[in-house]
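Each value in this text was obtained by applying a stated rule to the coordinates, not by laboratory testing. Keep in mind it's a predicted model, so treat the numbers as computed, not measured. Virtual Cβ from ideal backbone geometry, glycine too; neighbours counted across all protein chains shown.
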Amino acid sequence: MSIQSSAAPKPKVERLPPLPPQETVYRRIRKRVHVACVLAFVAAPFSNLMRFDVPRQRFYFAGVELWISEFAIIFFAIMLLMFIIAASAIIHGRIYCSYACPQMIFSEWSQSVEAWAKRMALKVLKTASPSFRKAAAAAVFYGVLLLASVFLAFVFTAYFIEPRDLLGRLLRLDVATVGGITGATVTLITFLDFTIVRQKFCTTVCPYGYIQGMLQDQHTLLVSYQDGKGENRDCIDCKKCVRVCEMGIDIRDSAFQIECVHCGDCIDACEDILRKVGKPGLIHYTWGDQPKAVVREPWYMRWGFRDAKRVGVLLILAFYLTGLALALSLRRPVLVEINPDRSIMFRVLEDGRIANLIRLKLANRTGKPVQVRLWVEGLPGADLALPVNPVALQPGETFERTVELRAPMGDDGQDVHHIRILAQSNAARSSDAEELTFITPLKRK
């Protein structure tokens, strides 16, 4: 009795003259983007490109120091970042996941470190037993990841605590304060993520893939497998596209699998194999589940702006950027708040002058020392009882005090005088003015 295999026969491969290598290798491009993203992630808190300073209640964005009282601008900046991610999902699908997501970047890096540790152990410990080489590779792998976890936890925590202060706590092995506890917790979570979780986070916890399913349409960028049917199939079932997939899926099953992050590794693998037998690859980036364009399209269509909805998304993004730029350019670097204190209507001084109480608040919201000069208009002989004028303010310093506004008794017979108090810093081109009333006793005839 003969035994026959039930497996499907391999398709016959028709060998043609090999084609030249593909011009665009997406994995190479993606790794360069990964390096740029990591550098930006590390540089952002140290250059104040974007950072929360929780102890001082400050938010740094594009080098500008924003106070918590400027929450509208902070909210606008955060919404802009969220809208950019949502817009990229509408236009370019899961490109953010594979090219810019920190989880994917560091997960792939940890896998590369693990493979490197195994190769080094095999190369250096040729005469050692397999179990010893395995243990040595594991020790190197975990040691490198532990150091990387400490470094990344420091960078992450630096987004919320001033980096120099945080470095001092790290060198003192401070785990008793909030900053130390946060750093130690983030280190542990990062290490476990590197060694255990990795891409499982993307398929079990992260909601972005599910949100993408609601945002995509017939013009969203996809990674699509396109082949003929039956005898017209060009696929040779080498399964290299499956082996290189970081998410462990077969792109040939569907272009809409939620695990697919559109990294393009399967595109490179298919091109690499099929070009050797004289055929182009069967997996492509396509706009929707449509055949790959044969004719070169206009630049705006290649960038994804293929219908009115995407143009609208671009206009909204431009509106956000313009509004945020205007808000940052119009904000006052030195905050000036001047309000009357009516707990006492007026007070007659020993020299006969009249005094009103004024609540004064000056806040330097720049990174440089400034001097603020104050003066009064509309009331002859009036002055503010300040210790010094101009008032010197260091970066981030706030001067808050109740002072007397003094003026001689007028002869006009009025008890209410409309005045202006002006303040101007040495770094400003114009002055801030507050209109107030100065109250004096009514002079009886």
Subset of 239/276; 239/279; 31/240; 31/276; 31/126; 31/309 violating a 26 Å alpha-carbon distance limit: 31/126; 31/309
Separation of alpha-carbon centers, segment 302-371 and segment 215-257, rounded to whole Å: 53
Correct option for semi-axes √(5λ) of the Cα gyration tensor in Å [calculated from the coordinates] among (1) 66, 29, 15; (2) 32, 29, 21; (3) 54, 21, 19: (1)
Sites residue 57 and residue 431 - FRET efficiency at Förster radius 41 Å, r taken between beta-carbons, to 0.05: 0.90
Long-range amide H partners of residue 281 with built H, under 5 Å: none
Sparsely packed GluC sites (Glu not before Pro) within segment 367-445, loop by DSSP, other Cβ within 10 Å at most 14: 397
Convex hull projection area averaged over all views, segment 334-439, Cα basis, nm²: 6.6
Principal axis dimensions, largest first and in whole angstrom, of segment 154-290 by Cα: 69, 34, 23
MRE, 222 nm, helices only [DSSP H, n ≥ 4, -39500 (n - 2.57), over the chain, to nearest 500]: -13000 deg cm²/dmol
Reduced Cα scattering model of segment 8-98, Debye log10 I(q)/I(0), q = 0.18, 0.20, 0.25, 0.26 Å⁻¹: -1.00, -1.09, -1.23, -1.27
Scattering curve values for segment 62-167, log₁₀ I(q)/I(0), Debye with Cα scatterers, q = 0.16, 0.18, 0.20, 0.21 Å⁻¹: -0.93, -1.02, -1.09, -1.12
Linear extension gain, residue 375 paired with residue 315, 0.36 nm per residue minus alpha-carbon span: 17.1 nm
Environment charge at residue 346 (Cβ cut-off 12 Å; Lys +1, Arg +1, Asp -1, Glu -1): +1
Chain lengthening between residue 399 and residue 211 when straightened (0.36 nm per residue, less Cα-Cα): 62.9 nm
Residue 173-residue 409 FRET efficiency (beta carbon distance; Förster radius 60 Å; 0.05 resolution): 0.35
Extension gain (nm, one decimal) between residue 361 and residue 132, 0.36 nm per residue minus Cα-Cα: 75.6 nm
Distance (nanometres) between label positions extended 7 Å along Cα→Cβ at residue 351 and residue 27: 8.4
